[in-house]
Amino acid sequence: MKKILNHLFEHKNLTRLEAKQVLIDIGNGAFNEHELSAFMTVYLMRSITMPELLGFRDALLDLCVPVDMEDRPVMDIVGTGGDGKNTFNISTLSCFIVAGAGQPVAKHGSYGASSISGASNLMDFIGYKFKNDQNTLRKEIDETNMCFLHAPIFHPALKIVAPIRKNLRVRTFFNMLGPMVNPANPTYQLVGVYNLEMARIYNYLLQSFGKKFMIINSLDGYDEISLTSDAKIITEKGEKVMSPFQMAKRSIDPREIYGGDSVEEAASIFLKILKGEGTVAQNAVVTANAAMALHMTGKYADYDAAFDAAEESLLSGKANNTLQKLLSIQ
């Protein structure tokens, strides 16, 4: 690691192969926590290059426990995190709404590093048992349209760096990697990013992967549709900007999507919304995000039809039934 750090401290970059080897070594436990902290800090002080990012992704996928979903056209909905906004778990709620509407979802997530409650904190708290047995995960998809993939039990490198990321409590390049290394290799990928530079990087990467995707950035810095500002929407077909009124017929105040100060508070908000007891603003935000995901599949006539399907999934109880079924087969 000393040689690598000196190379990086001289403002030099890693090749794709070098980056891959570093992360493989991390996954194999070759470095101590101080070396790893120094390595991650480098990328807080300068932008990561495309070859470095691809090399890190190559390593994680080589090391990961794969999940073969066979012919199931699963979707992932995930934010990169690190936007510092402390919203409630919008992406995870959107997953259950999408699943309730009939679209299979293999949600990839982890514990919060720079947020109060990451997807894994929430799922763990409400009683979901993490697993990496693909037969069980496929059963969950078949019976509920939903499964959850806790990143550290699929990716040894992520498990090793998790305590360091938690202690640093700032976004690192691992935030960028998470959405690119879902072990289920989803057919559809929706990624929320917190700035337009990240949107550009993901656009390049996802275009090269050749799959259906959507990238969302609320222009005031949220890594999801927040309805607090216009949002940039990027797909393989192009990009556009949509207003809150186009997405949900309303604009909201940032305070209306606050996520609480603890995992307990976040879980309480999550369960209340899923039961159909959320505020108008909370319901609008999760419905808009779910609608974007459903619209991406091409199975709806237009965005408004996808929004209606998402709203029906939430308010009819289908989204909540998905959670209850999922917890019942643990």
## Note on the structure
Flagged pairs (Cβ under 6 angstrom, 6 or more apart or on separate chains; first in region 310-330, in contact (Cβ under 8 Å) with a residue 40 or more places away in the chain; second of a type in the set (D, E, K, R) and outside any helix (DSSP H, G or I)) are Asn320/Lys275; Gln330/Lys129
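Give the residues of region 253-291 that are among the hydroxyl-bearing types (Ser, Thr, Tyr) and surrounded by 20 or more Cβ atoms within 10 Å (Cβ to Cβ), sorted by residue number.
Thr287, the sole residue that qualifies.
Yes/no matrix, rows are residues, columns are (1) over 23 Å from Lys139 (Cβ atoms); (2) small (Gly, Ala, Ser):
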site	(1), (2)
Val285	yes, no
Ala288	yes, yes
Leu294	yes, no
Asp308	yes, no
Gly317	no, yes
Lys325	no, no
### Query
Looking at (1) out of contact with any helix residue (DSSP H, G or I) (no Cβ under 7 Å at 6 or more places or on another chain); (2) more than 26 Å from Ile215 (Cβ to Cβ); (3) not acidic (Asp, Glu), which is the one condition that is false for Lys318?
(1)
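Select from region 1-17 the residues that are charged (D, E, K, R), surrounded by fewer than 16 Cβ atoms within 10 Å (Cβ to Cβ) and part of a helix (DSSP H, G or I) and list them in ascending order. Spell out the reasoning first.
Residues of region 1-17 charged (D, E, K, R): 2-3, 10, 12, 16.
With surrounded by fewer than 16 Cβ atoms within 10 Å (Cβ to Cβ) added as a condition, the list becomes 2-3, 10, 12.
Residues satisfying the conditions are Lys2, Lys3.
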### Message
Show the residue pairs meeting these rules: Cβ distance below 8 Å; 6+ apart or different chains; first residue within region 179-195 and modelled with pLDDT under 95; second residue in a helix (DSSP H, G or I) and among the charged types (D, E, K, R).
### Response
Met180/Arg57; Val181/Arg57
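Name the single residue, out of those in region 136-151 being part of a strand (DSSP E or B) and aliphatic (A, V, I, L, M), that is nearest to the chain's Cα centre (by Cα). Walk me through how you get there before you give the answer.
Applying the first criterion (part of a strand (DSSP E or B)) to region 136-151 yields 146-150.
With the extra rule that they be aliphatic (A, V, I, L, M), the set shrinks to 146, 149.
Numbers: Met146: 15, Leu149: 11 Å.
Restricting to residues being part of a strand (DSSP E or B) and aliphatic (A, V, I, L, M), the top hit is Leu149.
The values are calculated or read from the model by the stated rules, or taken from the named source; none is laboratory data. Everything quoted here is computed from the prediction, not taken from an experiment. Virtual Cβ from ideal backbone geometry, glycine too; neighbours counted across all protein chains shown.
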